[in-house]
Amino acid sequence: MKTRIKELRARQNLTQAELAAIVGVRRETILFLEKGRYNPSLKLAFKVASALGSTIEEVFQMEGEDRL
């Protein structure tokens with residue numbers, strides 16, 4: 001899974017720690033999401049997208065064979 005979290009977070013001048021606090025997770029979770037090493041639950045994906053003023057589809061993008 002590919003994400004635009006880092007890009008969208010930078011536009012809002014948010015650090016990983018600040019985004020994590022808004023969403024209610026640890027900074028490491030945001031780091032893993034940004035690197036594509038963690039697939040979030042639908043609830044977490046919605047919280048992240050909302051915090052970044054975006055939709056889930058704009059933030060999280062499927063790639064390769066996983067794509068529908």
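All of the numbers you see were taken from the coordinates with simple rules; none came from a lab. The structure presented is a predicted model; accordingly, all values stated were derived computationally and were not measured. Using ideal geometry, Cβ is built from the backbone for each residue, glycine included, and neighbour counts are taken over all protein chains shown.
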In nm, to one decimal, how far is the modelled label at Asn13 from the one at Met1, with both set 7 Å along Cα→Cβ? 3.0
Using a Förster distance of 30 Å, how high is the FRET efficiency between Arg26 and Glu63, based on the Cβ-Cβ distance and rounded to 0.05? 0.75
Helix 42-51 sits off the longest principal axis of the Cα atoms of the chain, rounded to the nearest 10 on a 0 to 90 degree scale, by 50
